[in-house]
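The structure appears below as structure tokens.
What follows draws every value from the coordinates through simple rules; no lab data is involved. No experiment lies behind these values; they were computed from the predicted model shown. Glycine also receives a Cβ, built like all others from the backbone with ideal geometry; neighbour counts cover every protein chain displayed.
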Amino acid sequence: MSFWIVTDVGSDMSLDFYKRYDKLRVLPMIYCMDGQEKKYYVEDEPILKDFYRKLRDGRQASTAAVPVDSAAGAFEEIVKQGGQVLYITLSSGISASIQSGELAAEMVLEKHPDAKISVVDSLLASGGQLLMVYYALKLREEGKTLEEVVTWLTDNRQRFNSWFTVDDLNHLFRGGRVSRSSALIGSMLRIKPVMHVNHEGKLIPMSKTQGRKRSLKELAEKVIEMANPKEGQPIFLSHGDCMEDAQYLADLVRDGLPGNAGFEFVTLGTIIGAHAGPGTVAIFFLGDHR
């Protein structure tokens with residue numbers, strides 16, 4: 001029996017990606033801006049230009065985890081149709097969405113004890129989470145069962161690499177990722193931190209570079225050095241409304257890894273974008289380890 005793959009908008013899945021696959025569901029998450037609380041859906045992608053314009057104008061946004069009722073409603077709808085569910089969540093290192101998913105699964109299984117619902121903590125965010133969804137979709141296409149896909153994801157979870165840089169440290173300061181003094185000094189000195197998502201799914205600063213181009217070149221060097229396999233794997237990129245910089249990074253990686261299987265570009269949605277800010281560029285791939 002083919003199963004449904006469910007994820008949340010923390011994956012920054014594009015509408016184009018979403019439309020390519022059957023039995024794929026994306027749960028909304030909540031963000032608040034200008035005193036208004038809204039759910040962000042994958043279909044809301046057209047609002048992102050205006051969202052980033054507001055962030056650049058100094059507006060701030062806050063976010064919340066996947067609502068339990070949204071997850072439970074999606075799971076029950078699938079189960080009632082006789083389907084099985086694989087929910088790949090935003091990292092537990094930065095979100096409570098996995099708790100929402102687990103609680104929703106318990107609620108649905110109480111009413112439908114013979115149903116199959118598996119919840120997998122991606123320990124990733126944005127395009128990294130989306131890359132995991134992509135591999136789950138490909139394994140399903142190959143005829144793998146729900147249990148086999150869950151096993152593969154958990155066995156290979158620490159091979160998923162996420163590396164990124166931000167353009168404005170103040171967004172990381174507001175999210176509690178850097179101190180106020182670091183944000184102030186970094187902005188004055190044009191410091192662009194290179195960060196990654198560690199084995200616990202948390203954001204970790206790795207180095208500080210001066211200038212935008214240097215930070216993007218360092219990201220490319222990480223991919224070229226750490227990617228395994230060097231040929232034949234897709235590479236995903238996310239950006240905070242700065243497609244030219246993401247394309248520049250892709251060109252650097254293409255020069256160093258000419259045998260890669262191509263690039264998937266997505267824009268950071270309101271959930272990740274609220275914390276990373278405009279100008280963020282991130283890249284995701286498989287390696288031997290994180």
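Computed extension length for Asp288-Glu244: 12.9 nm, one decimal, from 0.36 nm per residue of separation with the Cα-Cα distance subtracted. Beta-bridge orientation, region 4-157: approximately 45 percent antiparallel, per DSSP, counting only bridges with both partners inside.
Roughly speaking, what % of Cα-Cα pairs in the chain are separated by over 37 Å, rounded to a whole number? Spell out each step's value before the answer.
Details: 4831 of 41905 pairs.
Percentage above 37 Å: 12.
Loop sites here are GluC sites (Glu not before Pro) outside DSSP states H, G, I, E and B with no more than 15 other Cβ atoms within 10 Å. The longest part of the chain free of them is 1-141. Rounded to the nearest 20, the size of the Cβ-charge dipole of region 1-120 about its Cα centre is 300 debye, with Lys and Arg at +1 and Asp and Glu at -1. Just checking the listed ones, Arg157, Arg25, Arg53: in the Gaussian network model of the chain with Cα springs under 10 Å, the one fluctuating most is Arg53.
Put simply, the amide H of Ser207, placed in the peptide plane, has neighbours under 5 Å in Val194, leaving out anything fewer than 5 places away on its chain. Of Gly232, Gly269, Gly58, the residue with the greatest mean-square motion in the GNM of the chain, using alpha carbon springs below 10 Å, is Gly58.
Relative to the longest principal axis of the Cα atoms of the chain, the long axis of helix 146-156 makes an angle of roughly 30 degrees. Extending 7 Å from Cα along the Cβ direction at Glu37 and again at Arg254 yields two label points whose distance is 4.5 nm. Beta bridges from DSSP with both residues in the chain: antiparallel share about 65 percent, rounded to the nearest 5. When the chain is treated as a Gaussian network with alpha carbon springs shorter than 10 Å, the biggest mean-square fluctuation among Thr165, Thr151, Thr267 belongs to Thr151. Ordering Tyr21, Leu131, Met206 by Cα displacement along the dipole of the chain toward the positive end leaves Met206 in first place; charges were set at the Cβ atoms of Lys, Arg (+1) and Asp, Glu (-1).
Let's test the formula: R0 of 22 Å, r as the Cβ-Cβ distance of Lys138 and Glu77. What FRET efficiency results, to the nearest 0.05? The partial results should precede the final answer.
On the way: r = 25 Å, r/R0 = 1.11.
Once rounded, the FRET efficiency stands at 0.35.
Using a simple spin-label model with pseudo-atoms 7 Å out from Cα toward Cβ, Tyr21 and Ser207 lie 3.3 nm apart.
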